[in-house]
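The values are calculated or read from the model by the stated rules, or taken from the named source; none is laboratory data. Here the structure is a predicted model, which is why all the values come from computation and not from measurement. Here the Cβ positions follow ideal geometry from the backbone for every residue, glycine too, while neighbour counts run over all protein chains shown.
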Amino acid sequence: MDHYVDIDVQPDPEFPAHQLMSALYAKLHRALVVRQSSGIGVSFPGFDPQARYLGTRLRLHGTLAALSGLLESDWLTGMRDHVALTPPRPVPPDARHRAVKRVQVKSSPERLRRRLMRRQGIDDQQARERIPDASAQLTCLPFVQLRSTSTGQPFRLFIAHGPVQPGSVAGSFNAYGLSQEGTIPWF
C-alpha cells in the first residue's frame, strides 16, 4: 500500500455529511465486490474518536495500479457532485500505520433469540433464559449506515481505528476495505 487517494464529501444543504459518507461508502463496497479487490484498504483521517460519525474524508490505500483501476471505473456515478477527490499520490515515507477494522456488536437480544429459536428449535421461554435482555452490547464507535444487498435490511457498519504503530502488518482486506490484521498507512 504505497499510494493513496483522498475523497472528501462536500457540504450540501440537502444532505448531512454522514448520510453522504454512507452513500459513498456503499458505492465503494459495491465496486470492491465487483472488482473482487482485496488490495484496497480504507481509513477515515478526519474521524473523531468521541463522535459517532467518521468525518468527511474517505482515504483509499493501495498500489498505484489498484487505485488507478478503481478510479477508472464508473463507481462514483451519482456522487461526483458531492465529492472531491485527489489523484493517486505516494504515501509519505514517515507514515505510521494502524489497523482499521469492522466491529460487530450483538445489540439486539430479541434478534439473537429468534435466531437461536430457529437454529435449535427451542421455544421463546428457553431462548429468554439463554439470552437475557442484559446481554445487549452497546458501542460508541463511529459507523456508516448501509443496506444489506441480500436481505435489503439497513444495518450499521461500526468501524474501529486501532492504535498507531511504527511498522506495517500485512493482511488481506475485505470488500469493505477493512482488515482484522492488516494495517494501512496513517498520516
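Please tell me if Leu60 is within 22 Å of Gln180 (Cα to Cα) and surrounded by 14 or more Cβ atoms within 10 Å (Cβ to Cβ).
Details: within 22 Å of Gln180 (Cα to Cα): yes; surrounded by 14 or more Cβ atoms within 10 Å (Cβ to Cβ): yes.
Yes, satisfied.
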Filter segment 8-37 for residues that are at pLDDT below 95 and part of a loop (DSSP other than H, G, I, E, B); the one that is nearest to Leu71 (Cα to Cα) is Ser37
Given the conditions (1) surrounded by fewer than 21 Cβ atoms within 10 Å (Cβ to Cβ); (2) farther than 18 Å from Thr183 by Cβ; (3) not basic (Lys, Arg), report the number of the one that Val9 does not fulfil.
(1)
Any hit, segment 160-172, residues being exposed (fewer than 14 other Cβ atoms within 10 Å of the Cβ) and farther than 24 Å from Gly39 by Cα:
no
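Looking at the structure I just gave you, is Arg156 surrounded by 13 or more Cβ atoms within 10 Å (Cβ to Cβ), in a strand (DSSP E or B) and charged (D, E, K, R)? Before the answer, list the steps.
Numbers: surrounded by 13 or more Cβ atoms within 10 Å (Cβ to Cβ): yes; in a strand (DSSP E or B): yes; charged (D, E, K, R): yes.
Spelling it out, Arg156 is indeed surrounded by 13 or more Cβ atoms within 10 Å (Cβ to Cβ), in a strand (DSSP E or B) and charged (D, E, K, R).
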